[in-house]
Each structure stands twice: as C-alpha cells, then as structure tokens.
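Every number here is computed from the coordinates shown, using simple stated rules; none is lab data. Every value quoted in this text rests on a predicted model; they were computed, and no experiment measured them. Ideal geometry is used to build each Cβ from the backbone, glycine not excepted, and the neighbour counts take in all protein chains shown.
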Amino acid sequence: MPEVPAEDEEAKMSTITDGYFEEEYYISAEDAGEFLIELGEQFHDSDEITITGDDWELPFAFGEPIELDIEFEGDGEPELEVEVELSGRVEDEVPNLE
C-alpha cells in the first residue's frame, strides 16, 4: 500500500542525471496527447527538455538531429509505434580553424 508522507515530511523530488531509468505508463489518448503537446513545445522552444513524474524529474540537454522512428505492424492486432530518440548535447564544439 502506498504511504502518504506525514504532515512534517515533504515528498522528495529525485532529479535523474545518470544511471539507467525507465518508466512505462498506460494512459488515455487525451493524456498522451497533452504529454506530447507539452513535450513538443519544449522541443520547439529550447534544446533542453524536462520530463517529470510524481516524485522524479529528468532534465535532458539534447543535440540534433533527433531520430523519429514510426513503425506499423498490421498482422493480427494492428500496432503503431512512434519513438523519439534524442542524443545528449555535446558541450564542447570543435574549433573552426579557418
């Protein structure tokens, strides 16, 4: 059973910056759409995104290009998978020697 923090305790937000992290959610199409809109706005506005959960946040600075993979499987139960893969931004740029 989940524990609710006592009044004198605050829920602690974990910031994920290294190691391995994975979460999987089963949500409504409406909630997925809202998530994708908010993520898309972050892509549009900056080269850094932050994704948050109930007790975690994952900030990520990305570089270009962004890999977008669309996969459709129509045999049996049709399935469509849309995957966005980001590579971390490299901070040090190669100097221009011209």
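Taking every DSSP beta bridge that has both residues in segment 14-85, what percent is antiparallel when rounded to the nearest 5? Let's see the in-between values first.
Values: 12 of 14 bridges.
Taking every DSSP beta bridge with both residues in segment 14-85, the antiparallel ones total about 85 percent.
By counting other Cβ atoms within 10 Å of each Cβ, how are Ile27, Ile49, Ile16 ranked from fewest to most? Numbers along the way, then the final one.
Values: Ile27 10, Ile49 18, Ile16 14.
Listed from fewest to most nearby Cβ atoms, that is Ile27, Ile16, Ile49.
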Placing one identical point scatterer on every Cα of segment 14-85 and ignoring solvent, what is log10 I(q)/I(0) from the Debye formula at q = 0.23 Å⁻¹? -1.34
Would you mind classifying segment 44-89 by shape? Square roots of the alpha carbon gyration tensor eigenvalues, ordered a ≥ b ≥ c; an a/c under 1.5 is rounded, otherwise it is prolate if a/b is larger than b/c and oblate if not. oblate
